[in-house]
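First the structure, in the form of structure tokens, and then the observations on it.
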Amino acid sequence: MDLYATDSALLPLEEKLPAARGAERLTVLATLAWHLRQRDTRRADRLAVEALAVLEASDPGNLGLRARITLTRAECALLLARLDDAAALAAQASHLFQGADDDAGIGDCALVLARLAEARGERDRELPRYGEAIAAYAQAKDMERLAHARAASLLAESFGNPANLATGLASLREAQPERSEAVQAHHQLIEGFIVFQRGEFLDAVPELAAAAALGPECGLVDQAFRAESGLVSAQSNLGDREASCALAEKVLSRARTLGWPRAIGHALANFGRQLSDTGQPERAIELFLEALDVLGDQPRSRSYAIASYYLGDALLALGRNAEALERLEHAESCMRDLGAQPEVACLLAIEATALSRLGRAEEALRRGEEALALARKTRSRLWEVEALRALAEIHASHRLAPAGYAGPNSGLRLLDEALGVVEAIGGHHEKSELYTEIAGAHESTGDLQGALRAERAARREERNEQNRRAANQLLLARERNETERQRTEAEWQRSIAQAESERARTLEAALDTLEQLRLVGQDITAHLDPGAMLEAIDRHLRSLADVSFIGVYVFHAEGNTLTRHAIERGRSLPVRDIALEDLESYGARAARERQEIYVEADEGGAPGTRIPGTELKRTLWFGPLLLNDDLLGVLTVQSSTPAAYSEREKLVFRTLCGYVAVAFGNARTHGELEEKHRQLLKTEADMRRLATIDPLTGLANRRQFFTLAESEIARAKRYGGAVGIVMADLDAFKQVNDRCGHGAGDALIAAVGEELRLQQRPHDVIARMGGEEFALMLPGADLASCAAAAERIREAIEHVSIEYVGQRVRATMSLGAAAVPDARAATEEAPAEILARLLREADAALYEAKRLGRNRVEAHASKAPRAMP
């Protein structure tokens, strides 16, 4: 019995089953059960039980067939997560196959036992079992089974190492140049994983989509599920969050239909990951917990480890650090047992972050160093970046540096190195975050110019990433349309092959029709307007069928209506709207029922179909336009000739429906992309605005202050004039927080911000720099004017008070002023250098005001650096 079979090979068995009796029924039951084990697992198990009963009654001594039926039940038990049953049945089947001297059957048992070991997380047993299968198949000289065993062993041994996978796959293909569809599906999955693990996500999409399409046709449903899961991750990594979430939800629905607990758990974890990445951590955590519950009897499996990792990462993002650490450490333990070293490096880096945030600095440092060493050893560049960032965070929080990075700029060195790795591997997603972290590191060392440069780079990378995501979404939309077109053509070819296999002359004519339909499809899908599509259909269809009338109904979900565009013998007819609930319209009925409708009318024509001024129609065909189960509209083809359409013409019309649906999908995707682009521009504008405003006070934030202040200094340097800076800090603000709570502190800062806005001149820039610190840029103000303005503000702040939970809270402020009398005279300094100098001097003056008793103003005369002789 073959290891896998195509859908077409099972059709005769399904047809024989109802009437089969005796020995024939036994053979049909056993064969169907074996080949349905992944297609419909519960039915396969029922058929196997019935086959055993028939075997006992008719041929109890048939060891080979008893072994095959028992192994079928073993694999069904494995897929349904009854692992102990699976182990016992597989061992029993292996014993029976040995008694029947069936090496191929012995190898099949070894394959099932290898997958069982993987499900239990028993790495030390998994790979040897694959070796047993390979040896048994070689002994049986079964090259098909041998190819599958080698492919499965390669995936198990080298998953996560794309170079080894690529080398191994090349060897497999060289060893077997002629491959069956099933082996090709297995190889296609490996190809998809190779491209994905190289980080070439756009190229991975068609490879994984092809693997997902090939697998089910050959009975490799498990492989197809893995390919679809990888496809979700590829789309997510390309920034198409909406598409990846939608696909993840479909994969979860498919897993629930299959009823495989491991598949359900993996799909729940994958869907949760997409939700977490789109800013829905609470909903994601619910899915992660459900996944762990589903996988609860396999706590050492890879699927359980992945769900634990995702859950820990989501908990860490919410600040639930202790819970996160527990989940991450369990995932790390599992991955160590499985020999998944790159994943261990990733988990160690995230654990280091969790430990740091829990205040366990020494442990965090050791964990981070171990992560960095392991990532470099396994050449896992992305996890090397994670480890470097974790170590930088540890240094920023605890002033601890890893070996080889000691010094005051340790954090900056670690982040610069991480940025270098990202640039070396062509990464994009992390660069804006890294530049923001680098800006913070520069600021902590007092390097304000470096912080300013890094902030600019972060904004530039954010814009670049938005552009990349928009481009990737467009490319993905094109890829999906091309895949749908290829699927439609493949379905047509399969239908032709099945219907005309015995009639060469008819087959030749059908292939000619196929070529014509291909040209029709190219013409139709080139248009976005329904009227233009209709004209393209009319041009071509008249050579393929007796057609006098063609109509396209465009479905509008928001109004539950259909807009009909029609053409009769080349003449366009008026456009008309039809309600979806119109009971007299065949077009509306085809849309409601999503079913094909064929009408042969008498001499009076079909009731309710006659359009004034048109011919009487005797043959009418209506077909829904569906794309990924979405209703887009209806196509109708009609003739004045009675009984004009046979099954051939109906098949042509169905194929046309596929092309028209793709064309409609193109039009909708184009419109959606335009709308998303408009929304993206609006969101970008909103984000730019939010990125410049402090949310608590409504004043400019630190980033905006640097931008505006540098611009103002550049203007003064160009045209001349004084520029003043005032640094201000609320006095004893920590006591307010300690005595009245952080809510009172926030309310006081908001009130101070409102008072500062009242004191602001039209061209002044006032910003909250962070915490209780504020800064003012005063164009045209010399040192005396700066000091006077600062004194006016100080007096105003003295009158600020708030009522908070029955307590009266007041504020005072210390201020430091600095100014350059004429920016144009600073010939040796760039605007950023002048700004940095003024900030240092104003800060020094502020410190002096604090030292002298607070609630006062101090001014610092600016000293421009001397020019070099």
Of all the residues that make up region 170-200, how many are assigned to a helix (DSSP H, G or I) and touching a residue at least 60 places away in the same chain (Cβ under 8 Å)?
-> 2
Filter result (aliphatic (A, V, I, L, M) and out of contact with any Cys (no Cβ under 9 Å at 6 or more places or on another chain)) within region 225-257 = A227, L231, A234, L238, A243, A246, L247, A248, V251, L252, A255
Go through the residues of region 849-865 one by one and say whether even a single one is surrounded by fewer than 21 Cβ atoms within 10 Å (Cβ to Cβ) and under 50 Å from the mean Cα position of the chain (by Cα).
-> no
Is there any pair with a first residue in region 121-132 that is over 18 Å from Q298 (Cβ atoms) and a second that is surrounded by fewer than 19 Cβ atoms within 10 Å (Cβ to Cβ) whose Cβ atoms are under 7 Å apart and which are 6 or more apart or on different chains, and what are they?
-> L127/E157
E200 vs. criteria at pLDDT below 90, over 21 Å from the mean Cα position of the chain (by Cα), surrounded by fewer than 20 Cβ atoms within 10 Å (Cβ to Cβ) and within 28 Å of A424 (Cα to Cα) | no
Does any residue of region 22-45 turn out to be in contact (Cβ under 8 Å) with a residue 60 or more places away in the chain and at positive phi?
-> no
What about G312, is it crowded, with 24+ Cβ neighbours inside 10 Å, touching a helix residue (DSSP H, G or I) at 6+ places or on another chain (Cβ under 7 Å) and closer than 23 Å to R367 by Cβ?
-> yes
For region 783-816, what are the residues that are under 23 Å from Y719 (Cα atoms) and either in contact with a His (Cβ under 8 Å, 6 or more places away or on another chain) or surrounded by 18 or more Cβ atoms within 10 Å (Cβ to Cβ) (or both)?
-> L783, C786
Which is over 30 Å from K734 (Cβ atoms) and outside any strand (DSSP E or B), of E791, E829?
-> E829
Among the residues of region 257-276, which ones are more than 19 Å from A119 (Cβ to Cβ) and either among the charged types (D, E, K, R) or crowded, with 16+ Cβ neighbours inside 10 Å (or both)?
-> F271, G272, R273, Q274, L275, S276
If a residue has to be modelled with pLDDT of 90 or more and either among the basic types (K, R) or surrounded by fewer than 16 Cβ atoms within 10 Å (Cβ to Cβ) (or both) to count, how many in region 581-595 make the cut?
-> 6
Regarding A392, is this residue touching a Gly at 6+ places or on another chain (Cβ under 8 Å) and within 28 Å of L202 (Cα to Cα)?
-> no
Only one of A373, A439, A387 is in contact with a Lys or Arg (Cβ under 9 Å, 6 or more places away or on another chain), assigned to a helix (DSSP H, G or I) and within 26 Å of Q197 (Cβ to Cβ); which?
-> A387
Within region 608-628, is there a residue that is in a loop (DSSP other than H, G, I, E, B) and more than 19 Å from R564 (Cα to Cα)?
-> yes
Name, by its number, the condition in (1) of a type in the set (G, A, S); (2) modelled with pLDDT under 90; (3) within 49 Å of the chain's Cα centre (by Cα) that does not hold for A825.
-> (3)
Which of the following residues is in contact (Cβ under 8 Å) with a residue 40 or more places away in the chain and within 50 Å of the chain's Cα centre (by Cα): A819, A844, A832, A796?
-> A832
Residues within region 530-580 that are within 41 Å of the chain's Cα centre (by Cα), hydroxyl-bearing (S, T, Y) and surrounded by fewer than 17 Cβ atoms within 10 Å (Cβ to Cβ), tallied | 1
Please find, within region 751-779, the residue that is surrounded by the fewest Cβ atoms within 10 Å (Cβ to Cβ) out of those that are without any contact (Cβ under 8 Å) to a residue 60 or more places away in the chain and either assigned to a loop (DSSP other than H, G, I, E, B) or among the small types (G, A, S) (or both).
-> P762
Considering region 54-82, residues that are under 19 Å from D102 (Cα atoms) and polar (S, T, N, Q), and then whichever is modelled with the lowest pLDDT, we arrive at N62
Out of (1) of a type in the set (K, R); (2) assigned to a helix (DSSP H, G or I); (3) surrounded by fewer than 24 Cβ atoms within 10 Å (Cβ to Cβ), what's the single condition that is false for R68?
-> (3)
Of those in region 620-643 that are crowded, with 20+ Cβ neighbours inside 10 Å and either in contact with an Asp or Glu (Cβ under 6 Å, 6 or more places away or on another chain) or of a type in the set (K, R) (or both), the residue modelled with the highest pLDDT is G623
Determine if region 378-398 includes at least one residue that is polar (S, T, N, Q) and surrounded by fewer than 18 Cβ atoms within 10 Å (Cβ to Cβ).
-> yes
Note down all Cβ pairs under 6 Å where the first residue falls in region 227-255 and is under 26 Å from N464 (Cβ atoms), the second is in a loop (DSSP other than H, G, I, E, B) and open to solvent by 10 Å² or more (accessible area, probe 1.4 Å), and they're at least six residues apart or on different chains.
-> R241/T278
Being open to solvent by 40 Å² or more (accessible area, probe 1.4 Å) and not in a helix (DSSP H, G or I) is the filter; apply it to region 315-348 and report the residue that is nearest to E122 (Cα to Cα).
-> G339
Quick check: is even one residue across region 412-419 under 30 Å from T278 (Cβ atoms), open to solvent by less than 60 Å² (accessible area, probe 1.4 Å) and free of Cβ contacts under 8 Å to residues at least 24 places away in the same chain?
-> yes
Residue check, D85 open to solvent by 40 Å² or more (accessible area, probe 1.4 Å) and on the phi > 0 side of the Ramachandran plot | no
With the first residue restricted to region 59-70 and required to be closer than 14 Å to D108 by Cβ and among the polar types (S, T, N, Q), and the second required to be assigned to a helix (DSSP H, G or I) and open to solvent by 10 Å² or more (accessible area, probe 1.4 Å), Cβ contacts under 9 Å at 6 or more apart or on different chains are T70/L52; T70/L89; T70/Q92; T70/L96
Set A859, A796: member being over 30 Å from G720 (Cβ atoms) and among the aliphatic types (A, V, I, L, M) | A796
Looking at region 277-306, which of its residues are surrounded by fewer than 22 Cβ atoms within 10 Å (Cβ to Cβ), assigned to a helix (DSSP H, G or I) and not aliphatic (A, V, I, L, M)?
-> D277, P281, E282, R283, E286, E290, D293
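The values are calculated or read from the model by the stated rules, or taken from the named source; none is laboratory data. Quick caveat, the model's predicted, so the values are computed rather than measured. Note that each Cβ is placed from the backbone with ideal geometry, even for glycine, and that neighbours are counted across all protein chains shown. For accessibility, only protein heavy atoms count, side chains too; no ligands or nucleic acids. Shrake-Rupley method; radii C 1.70, N 1.55, O 1.52, S 1.80 Å.
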